[in-house]
Every structure is written in structure tokens, then in C-alpha cells.
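Each remark here refers to the structure printed beneath this line.
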Amino acid sequence: MEEKKPSTADILAKIRAQKAAAAAAAGDVPAAPAETPAPATTPAPAAETVAPAPATSGAKPTSTKDIMAAIRGGGAKPAAAAPPAAVAPPAGDAPKPAVAAAGPRPSVQDMLKAVREGKVGAAAAAPSATAKVGTPVAAPPMPAKPVVASKAAKPASARRSLAVVATVASISAASFVLGFAVGSNLLIALGACVWGVLMTPFAAAWFSVASIGGIWTLGTARFMFPNVLVEPPSKFKVGPLSDYPINTVSNKWKDQFGVWIVHTDQYEGRNMIFALTSVCTHLGCTPNWLDGEQKFKCPCHGSGFYITGVNFEGPAPRPLERAGLRIAEDGMLEVNKSVKYQEEMGQWSDPTSFVSVV
Amino acid sequence: MTHLTHNPDLTGSVIFGLGWVYLLLFFMNIAWTKRSLALDGICHTGLGVPYAALWAVYAAMLLMISITHLTGWDTPQQFSLVMPEFLKYPINKASNPVAFFVGSTTIYILMIVLRKWWTTPTAGWILLNLSILFLALSITDYDFRQIVGKPDNVPIVAMLYIVGFFTWLYFKKSVDNDARKAAGRPLLEQENAEKVLTWPDLVYTELVCMVLVTAVLIAWGIVLQAPLEEPASAAKTPNPSKAPWYFLGLQEMLVYFDPWMAGVVLPSVILVGLMAVPYIDFNKLGNGYYTFNERKFAVSTFLFGFLPLWVAMIVLGTFLRGPNWNFFSPYEFWDVHKLELLNNINLSELFWIKGLGQPLPVVPQNASFPVQAWYIVCREGVGLLAVAFYLLALPNLMAATVFKGFYIKMGFLRYMVLANLMLMMMSLPIKMVLRWAVNLKYIVAIPEWFFNI
């Protein structure tokens, strides 16, 4: 009957049989407490006896399927063992057989179980924790007192421990620094010891999160200061005064620098040249200068501006902005886009916002 | 100047395509004639012929028109079945933003008042035929074709038909249910309450729809190419520069409001207001069935915000706004240099200069902030008072008068939310009317603080 390679159906059948055996074992517990050690200690034979499929435990597992089947069978072991162990109150040392049942190599489930048991044990040992865990059952006559105690104790202790951590951290850091400053090896050692105590996994995790986050933030901030800035210069020469006849708008620099050079005598009756930035004051589109209508007209929402830059139609709430303009040392007009002059703020009377023509 | 000549650029392919449209319309009307013969009966006023005979004559005319298009397309310049000038001229003359807004609002009101008439199948069919005929005739106009036939805009035409159909469907079912309620009969939803299974009834329907939509999208993607424009440039804004079609209502709003108001405040109010609707709605009727009579206020308020103020604004922005955001009538050439004088003035200027005959209070040079603020508040006092009256006093006045019943039923807080949402919605048409009537730019204009209402 020994087959080298059992089929998938066989493996499935075996697993089902093992499951059934485990279920049967669990169901048997209340009825026959005497049997509890049996499935707990020897789960593999129990499964084997029920399984009609070719037994692989005796033979050496050769194929991958066999190994998988063996692992699956082994995986079923603790599951089968656990319920009797957990629900057997008469046996005083119930957890121990459960751990032992796993054999020489305890599975993860067993380890978890053991850890949990240990925790409960520790909780039972600590008096403050007993109040919390055992209150509903253990202290029926005086229910109010333990509840209050546990309520008060928890946040207070948490706060205290935080304060302690903070104090210890500052002391250890201070002793570190102080040790280096003074040159005392004792202080450094002390600081290192306290620091070692402080560096719990929790603290370490948060420390690394904070530091990585900080590095990223700094890295992002670095982008605000690029090595090379590709944008037109804010100061540029636009040629001599004579290039701009009166009552004309020059589109010459619009594409490159976003300004119109306007020469007009219509603003307050003064003959002047100024630079208007080609940004609509409504929503920032670029208006067009319509020579026939003698106005700037924005294509987005129909705002219109006179040649002076003052708004008169459409939704634009204020006049176009001027850039700085002056006559440079070589006699050329120089636009300075780094400053802007707003009419509604009274800034157009600033002498650096225009060049008077005489 | 080619656009001024008679049907320029009317190409053979346009005529040929229209031939197919008329042929399709012919087949649709053949089916309708069959339905009419079975259901409509005899027309008693005239010769006593069945109504179906009239539809048959109409369908026959469509067939002839279709044949004319399909055979006469090779001489487009002599083709005479085009939009007649005597129709174009009055439409062009009557087209302006005021007429458009008043017209769309009137249609909206008529839609509610005449709901019993236009939701009958025959009326719906007549309206559909008229709209298709209008569209087909208009396509022969060069300027109309340039705008409506643009691949970008074709889906918006489709959307209009979909909106129209669903509005019609809602009103049809509501009218039916309201009549049933009045007669004491069970509602449509109660009478047809039989249930079907999700599988296969719903899932099969969904599958069929999915296949159809995919096919339509593929055909659409192949037939109508997505137009690409010139490369973007910071110094050059396309003219006209249009938002995506679904935001054209907002773009139209931006013409009348400060960007902060129309771009941020009002859209937020729209969104939050729609979310608040379930909480301010105290009317428990109309739950799970179509009705108009039981939810008159809710339905007409919503539809006013949706149809004249949103969909109509999309139509206005898509088809009728041209270069420099000027208004162009449907058969008008999009002239970049069209001159439209709009000397807008603020309310403060109206009040101080026109009303009181004195100059605006000017903030003295180098004034401290309180002095500046005092001068500005003085200058804009009328506007600030008007806005305060509108938003603070008007809800209370309405609570005491027109919305008295609402106020009692809803309580203070819910009523105030409702009243303010209503007033916010009405601020758009009010501002539009003020702009058109007195060229009002801003009620409160404080450019110093970037605050304009």
C-alpha cells in the first residue's frame, strides 16, 4: 500500500480526517476528562488511526507533496491539542502539557500561548494588575474601590512613566554632553548605560520615524533653493526712449518678459513711459492689446483696460500692475520686474514706476 | 469676408451627412406613425382622418428631403435647403445675454406650468423633432457649424438631449402620479411593484449597457478626433480661453463676481448646500416615488439652480461666448475685434458720483490703518449696508412674510441655512441683472484688501 507519491485527493482526505479527529477529540473532552492527556500528548497517532489514506509517518517523506502533507498534518497538531488543554480546568498544570505536546520544536502558536500564559501569571503576581484583571470575579463585596483604583492608577502611572522617561532621557543626554565636555569617562559611561536602558524598541521605533521624517522634511526644504534658477532676469534693458512713440503700446517684450512698454499722455495728463505687467488682475490670464479699440482685453472673462492700464470693463477689480522703470546709466530704459506698483494703493505716483518724457 | 456670403463653405460632405440624419428621422417617424395608428385615433376637427395620416405625410416629406440631400450633394453652392436668412436674422438680432437668460428662465417656468401638456408622448415627440430639424437646418450655416460641430462641443449637444430626456421623464412620471393621487388610485410605483432578480435581470442589463457604452466610446474616439491646440505659453492665452465644459457655468459666474467669490466661496456653497439638502428638507412626502405636487418647492428650487443657472450657463459658455468672452449669436462670425462697450462702475461710484454729485472719499496719503479703514468703509458704506441687509435682514423678513410656514416648521437654525442658501443662489441672477441693467461691477469694491462682492 505504500505509494511514493500520494495524489492530491489523498492528501485532502487525510487532512479532512485529521480535522475530524481533532473535532472529535475536542468534543470528547467534557464527556471523558480522563482522555484529555491522550490527544494532547499523542495527536499524531490519533490522526493516523482515523486516516484511511496511506500513512506517511512511517516512511521517509520523499516527494514535496509528502513533505507538505507532513507539515499540514503537523500544523493540525497544536490545533487539536489546544482545545482540551484550554478547557480542562481540573488539571492544574494544563498549560504545560500543551506546551510539551508540541514536541522538541514548539510551534509559533505554542510560543504565543506560552507568552500569554506568562503574562497572565505575571498579572496575577502584580497586585495592581490583579485589581484590574480580577475585579469582576474576585471582589464582589466591594466593587467600587478596585474600579476607582484601577482607573486612577492607569493614567497616573502612564503619566509618571512618561515623565520618568523624559527625565532619564534628559539626564543621560546631559551626562553624555557633560562627560565629553569635562572629559570624564565615568559620566560618559553613565550616560551610555542610562541611554541603553531608555532605548526600548518603542522608543527606538519612534526615534527612527521622527528622524527619517525630519530628514525628508529637510530634503524637501532643500528644493526651495535650487542650484540653477531658470527664469528671465528681473532687470532687463528694453532699448532707448525713442523706440516708443507716444500713445503706443509695445508688444515687443511681452513673450519674453511679460511686460508691455506703454508711452502715453493719458494718465493724469502727463507724458510718460511705463511698463505694465501682462497679467490680468482678475484671474491672471494674459490680456491682448487691441490697437483698433485702444484697449487691453482679456480673453478669459472679458476684462478691459485702457491704454493707461486702468480697468474699465469686465470683472477685473483693479488696474494692471506696473513694473519698475528707469533710465539706466547708458541711457537705455531698464525694467525692474522685481517690484510692482498698484494704482489702488497709490503707488503709481512713485517716481520709480515710470519715466517722464519731456 | 467669406463669412458674409450666402452659405459659404457648405461642403458636399455636410449635405450628404445631413441626408443620413433626415433618413434616420424618417425611419423614426415611420415607427411613430405606426404607434400613432394604433393609439391616437381620429382627428375630428378636420376631414376626419386619423392622426397617423398627418405623421405619414410628415415622414414622407422627410424622405423627400433626405433624398434631395443624398442626391444633390455634389453642387453645394446651389443647394437651397439651408437655414433661411429670414430666420437667422431675427435670431441674431435677439441674441444677447439678457435675452438668453430671460429666455432660459421663461422656458424653465413654462416647463413647470405646462408640465401636463409637454409630458404627453406626442408633445415630447414634436419637441424632439423640432429640435432635430432646427439643429439640422442650422448646421448648414458656416458659423454655427464651426462652433457646434467642433469635436469638443459635440458631446455637449448630446448632453443637452440627455438632460432634456431625463427632465421630461421625471415630469411625465410626476404628472402621472399626481393624477393618480388626485383620483385616489394607487401610485405608479405601487402598481408596478413586482420585483425582479439581480441575477440575471439586472446583471444582464448592465452587461448590455457596458458593451454598448464601450462601442459608442470607441466609435466616438475614432470618428471625432480630440483637438490639440498650440503649445502652452505663459505669455499667450488662447482667445477665447475656455474652462472644461462642466466648469463653464463657473466661468460665466466669474464674469460677474470677484474670483474669490465665484471661484471659491460660491462653489463651496454649492457643494456644502447640496450636502445640506437632506438635513434642511422637512417634507417627508415624495419618498420613493415620483411626484411634483407634493414637493413643489424642493423640485422647483433645485431645478432652477440646475437648469437655468448651471446647464444654460454651460450652453452659454460653450456655444455663445467667443473671443474676448464677448457674446456671439449662434449664426455670428467669431470676430476677435467685435466691439462691445461695457463701462462698468461700482456701487460706490454710483452712489457718490452719480447720486450725491461729489467725488469718492480718497484715503489720504500715508494714513494709518484705522484711518484708511474708516475712509474705505465710508466709501463702500452703501454696498456694505446692502450686503448686510441681503444676508442678515432679508432672511428674517422672509421668515415673517413669504417663508412663514417654513420658519415655523423648520425652526430657526434649519430655516436660516435654507434662507442663506437660497439667497446665495439668487445672488447670481441678481448680480447678472444688475450688470446688464446698470453696468454694475461690484457692490462692495475694496481692491486695497482684495475684497470685492
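Assorted remarks:
- In summary, the helical segments of chain B meeting the span-like criteria, namely a full DSSP H run, a Cα extent along the axis of 18 angstrom or more and a mean Kyte-Doolittle hydropathy of at least 1.0, are B:12-39, B:51-71, B:97-113, B:121-139, B:203-223, B:266-280, B:412-438.
- Take each peptide in B:221-230, A:330-339, count the other Cβ atoms within 10 Å of every residue, and average; sorted highest first, the result is A:330-339, B:221-230.
- Counts of other chain beta carbons within 10 angstrom of each beta carbon in peptide A:342-351 average 2.
- Each Lys or Arg adds one and each Asp or Glu subtracts one; over the other residues with Cβ under 10 Å from the Cβ of B:Lys88, this totals -3.
- Extending 7 Å from the Cα toward the beta-carbon at both B:Val387 and B:Ile107 defines two label points whose distance is 3.4 nm.
- Geometric extent, Cα atoms of the stretch B:72-181 - Rg, Dmax (angstrom): 17.2, 59
- Projecting the Cα atoms of B:Thr122, B:Phe333, B:Trp374 onto the dipole axis of chain B, where Lys and Arg carry +1 and Asp and Glu carry -1 at the beta carbon, places B:Trp374 farthest toward the positive end.
- Sorting A:316-329, B:101-114, B:238-251 by their mean Cβ neighbour count within 10 Å, with the most densely packed peptide first, gives A:316-329, B:238-251, B:101-114.
- Among the residues of B:332-341, the average count of other protein chain beta-carbon atoms within 10 Å of the residue beta-carbon is 3.
- Sequence-distant residues sharing a close amide H with A:Phe312 (under 5 Å, placed H): A:Gly304, A:Phe305, A:Tyr306
- Subtracting the Cα-Cα distance of A:Ser242 and A:Arg16 from 0.36 nm times their residue separation leaves 71.4 nm of extension gain.
- Rounded if a/c under 1.5, otherwise prolate or oblate - the stretch B:347-452, Cα gyration tensor axes: prolate
- Virtual spin-label span in nm between B:Asn153 and B:Asn287, 7 Å along Cα→Cβ: 4.6
- Working note: Karplus 6.51/-1.76/1.60 with θ = phi - 60° gives the stretch A:234-239 the couplings 7, 10, 8, 8, 10, x Hz, where Gly and Pro are set to x.
- Shielding of A:307-318 by partner chains, average beta-carbon count, 10 Å: 5
- Gyration tensor verdict on chain B (Cα atoms; rounded if a/c is under 1.5, prolate if a/b is larger than b/c, oblate otherwise): oblate
- For chain B: relative contact order, % (alpha-carbon pairs under 8 angstrom, 6 or more apart): 17
- Shape category assigned to the stretch B:1-82 from the gyration tensor of Cα positions, a/c cut at 1.5: prolate
- Put simply, when B:257-266, B:22-31, B:161-170 are sorted by average Cβ atoms within 10 angstrom per residue, most first, you get B:257-266, B:22-31, B:161-170.
FYI, it's all coordinate maths here, none of it is from the lab. Please read all numbers here as calculations on a predicted model, not as lab measurements. Using ideal geometry, Cβ is built from the backbone for each residue, glycine included, and neighbour counts are taken over all protein chains shown.
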